[in-house]
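Have a look at the structure below, then the notes.
Every read-out reported here was derived from the displayed coordinates using simple, explicitly stated rules and does not represent laboratory data. Predicted, not measured: the structure shown is a model, and the values here were computed from it. Note that each Cβ is placed from the backbone with ideal geometry, even for glycine, and that neighbours are counted across all protein chains shown.
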Amino acid sequence: MKGSRIELGDVTPHNIKQLKRLNQVIFPVSYNDKFYKDVLEVGELAKLAYFNDIAVGAVCCRVDHSQNQKRLYIMTLGCLAPYRRLGIGTKMLNHVLNICEKDGTFDNIYLHVQISNESAIDFYRKFGFEIIETKKNYYKRIEPADAHVLQKNLKVPSQNADMHKTDN
């Protein structure tokens, strides 16, 4: 669409209700008040996506220290159906990837995707994400209940081990 503008904006107490409404429409799972309280604390890791000044999508992430790694977890990344395939998801994911690149200390980025969501799986694969695991019954009230864990490595796993070796 010629002349259309895609912009990302901060999530604030003033527009958190927009984020809630978007998530209710986009995702088959609901998020509790703690989720939204936490989103207000993560700064650049949560963004609303605007298409010609209309909020049509959002991305929400958190830093996760697990498996002796610093990981970025994409809690949600989605866009309203009529606005898909316009580059909005790409803009949101690139924003997150740029944060990780500038930071330089993240080992990987990961997320859960419902096993039936082939368009999401294809989308993330284009950015170098791979399915590393399938979690049975990950979702409580939706079918299928299983989720793939998709991950993109940002550091070579053996990098740290090689740095500490000495030739004695």
Cut-off under 24 Å on the C-alpha distance; same-chain residues fewer than 8 positions from Lys152 excluded. Which lysines are left, in chain and number order? Lys47, Lys70, Lys91, Lys102, Lys126, Lys135, Lys136
Provide the net charge surrounding Ile16, with neighbours chosen by a C-beta distance below 15 Å and charges set as Lys +1, Arg +1, Asp -1, Glu -1. +2
Which shape class, rounded, prolate or oblate, goes with the chain when its Cα gyration tensor gives a ≥ b ≥ c as root eigenvalues, a/c under 1.5 marks rounded, and past that a/b bigger than b/c marks prolate? prolate
Cut-off 10 angstrom, C-alpha nodes, Gaussian network model of the chain. Which of Asp107, Asp146, Asp33 fluctuates the most? Asp33
Gain in span if fully extended, Phe35 to Arg21, counting 0.36 nm per residue against the direct Cα distance: 3.7 nm
In degrees between 0 and 90, to the nearest 10, how far off the longest principal axis of the chain does helix 88-103 point, with axes built from Cα atoms? 30
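With n ≥ 4 as the cut-off for DSSP H runs, can you work out [θ] at 222 nm for the chain, using -39500 (n - 2.57) per run divided by the number of residues, rounded to the nearest 500?
-8500 deg cm²/dmol
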Modelled label-to-label distance, Ile132 and Arg62, 7 Å Cα→beta-carbon offset: nm? 1.8
Summing Lys, Arg as +1 and Asp, Glu as -1, what charge do residues with Cβ under 13 Å from the Cβ of Leu111 carry, Leu111 excluded? +2
For region 6-153, what's the relative contact order in percent, using C-alpha pairs closer than 8 Å and at least 6 residues apart? 18
